[in-house]
Amino acid sequence: MGFQVNLHRADRAGPGARGAGLGSCFTKEAAVHTKGDFNNQVRTACQEQRTGTVGFKISKVIVVGDLAVGKTCLINRFCKDTFDKNYKATIGVDFEMERFEVLGVPFSLQLWDTAGQERFKCIASTYYRGAQVVIIAFDVNDVASLGHVRQWLEDALKENDPTAVQLFLVGTKKDLSSPAQYSRIEEDAIKIASEIRAEYWAVSSLTGENVREFFFRVASVAFETNVLAELEKSGSRQIGEVVRIGSNPSNLYATSKKKQSACCQ
Ligand SMILES: Nc1nc2c(ncn2[C@@H]2O[C@H](COP(=O)(O)OP(=O)(O)OP(=O)(O)O)[C@@H](O)[C@H]2O)c(=O)[nH]1
Ligand SMILES: [Mg+2]
């Protein structure tokens, strides 16, 4: 039996829900990875079941952007395969859990759908903290929403470590734009994406175009980063190795004391 590189949602893994490797980027001009496959170290670690705590991890993903750009519809298309043409503003936040299986390892994303309306923004921003992935959404038919991307990024990064966050810039409602209109805004979007080091995608929640591909890409990129971080963190200790706690209680005390002082600094 050969080893299969796959990524699929663990809950509703239909035949189309499988993809090979990292999945393709939307455009190479603004992509996090230009290679199509997982890092070799990551693949080997998964094969040898040395992924540490990654299999139990839930990565937090926040979706931010102007009101009515289609954040809720994007999440609902992916998580529930539904689309609502009536606008219902998100009040504060909402979240969905999605379980994936990447290279045979379970991996979960917690997708936080935040409010774009100014009056709900301060409630929403209290949930930005601890995000591993920030998705900034804009409407490809609304240049102003693209213009606000940097402000959304700044707000999201205030609550997070900028070096630890992966960014995606997503143009929504692609179905509403003509090819000519779309290519004009795409040029600007790619420029901004490159400047802020985000991976660019364009999707339609109405037709479903690129929605699944996009979230699979988010999941695989987040997964790969988590495994690499685990491998780095473990250093000489092998990930997956059993840590034996000895009978000497003073060792335990020393460990917990050290932890305590580090967090109270
Ligand atoms: N044609 C089209 N309409 C869309 C698409 N995505 C969203 N819409 C519509 O745009 C409106 C706003 O969508 P929402 O998903 O509620 O927007 P939001 O970004 O969550 O808005 P807030 O919660 O206020 O921040 C709704 O009327 C949707 O039906 C799309 O891909 N195509
Ligand atoms: Mg919403």
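Of all the criteria given as (1) of a type outside the set (S, T, N, Q); (2) out of contact with any strand residue (DSSP E or B) (no Cβ under 7 Å at 6 or more places or on another chain); (3) away from ligand 1 (no atom under 14 Å from the Cβ); (4) not in a helix (DSSP H, G or I), the one not satisfied by residue 206 is (3). Within region 134-143, is there a residue that is modelled with pLDDT under 95 and either within 30 Å of residue 182 (Cα to Cα) or within 16 Å of ligand 2 (Cβ to nearest atom) (or both)? Within region 134-143, none of the residues are modelled with pLDDT under 95 and either within 30 Å of residue 182 (Cα to Cα) or within 16 Å of ligand 2 (Cβ to nearest atom) (or both). When each of 220, 194, 183 is tested for being hydroxyl-bearing (Ser, Thr, Tyr), over 16 Å from residue 33 (Cα atoms) and either more than 13 Å from ligand 1 (Cβ to nearest atom) or in contact with a strand residue (DSSP E or B) (Cβ under 9 Å, 6 or more places away or on another chain) (or both), the lone residue that passes is 183.
If only residues of region 203-217 that are crowded, with 22+ Cβ neighbours inside 10 Å and over 15 Å from the mean Cα position of the chain (by Cα) are counted, the one that is nearest to residue 37 (Cα to Cα) is 203.
Could you go through region 98-107 and let me know if any residue there is within 16 Å of ligand 1 (Cβ to nearest atom) and either charged (D, E, K, R) or free of Cβ contacts under 8 Å to residues at least 12 places away in the same chain (or both).
Residues of region 98-107 within 16 Å of ligand 1 (Cβ to nearest atom): none.
For region 98-107, residues within 16 Å of ligand 1 (Cβ to nearest atom) and either charged (D, E, K, R) or free of Cβ contacts under 8 Å to residues at least 12 places away in the same chain (or both): absent.
Scan region 57-76 and give yes if some residue there is under 27 Å from residue 156 (Cα atoms) and at pLDDT below 85, otherwise no. First the steps, then the outcome.
Within region 57-76, the subset under 27 Å from residue 156 (Cα atoms) is 57-76.
With the extra rule that they be at pLDDT below 85, the set shrinks to 57.
Yes: one or more hits.
The single condition among (1) more than 15 Å from ligand 2 (Cβ to nearest atom); (2) within 19 Å of the chain's Cα centre (by Cα) that residue 148 does not meet is (2).
Pairing each residue of region 77-94 that is at negative phi and in contact (Cβ under 8 Å) with a residue 24 or more places away in the chain with any residue that is away from ligand 2 (no atom under 14 Å from the Cβ) and of a type in the set (Val, Ile, Thr), provided the two are 6+ apart or on different chains, yields C-beta distances under 8 Å for 77/211; 78/211.
Could you list all residues from region 160-186 that are within 16 Å of the chain's Cα centre (by Cα) and more than 16 Å from ligand 2 (Cβ to nearest atom)?
Just the residues of region 160-186 that are within 16 Å of the chain's Cα centre (by Cα), to begin with: 160-171.
Result: 160, 161, 162, 163, 164, 165, 166, 167, 168, 169, 171.
Quick check, is residue 78 in a loop (DSSP other than H, G, I, E, B) and closer than 20 Å to residue 209 by Cα?
Numbers: in a loop (DSSP other than H, G, I, E, B): no; closer than 20 Å to residue 209 by Cα: yes.
Judged against the criteria, residue 78 is not a match.
Checking the stated criteria, residue 163 turns out to be within 30 Å of residue 43 (Cα to Cα) and free of Cβ contacts under 8 Å to residues at least 24 places away in the same chain. Across region 99-127, the number of residues qualifying as over 30 Å from residue 47 (Cβ atoms), at pLDDT below 95 and assigned to a loop (DSSP other than H, G, I, E, B) comes to 2. Residues satisfying the criterion are present in region 110-122 (criterion: more than 13 Å from ligand 1 (Cβ to nearest atom) and touching a residue at least 24 places away in the same chain (Cβ under 8 Å)).
The values are calculated or read from the model by the stated rules, or taken from the named source; none is laboratory data. For clarity, every value in this text was computed on a predicted model and none was experimentally measured. Here Cβ is always computed from backbone atoms with ideal geometry, including for glycine, and neighbour counts include all displayed protein chains.
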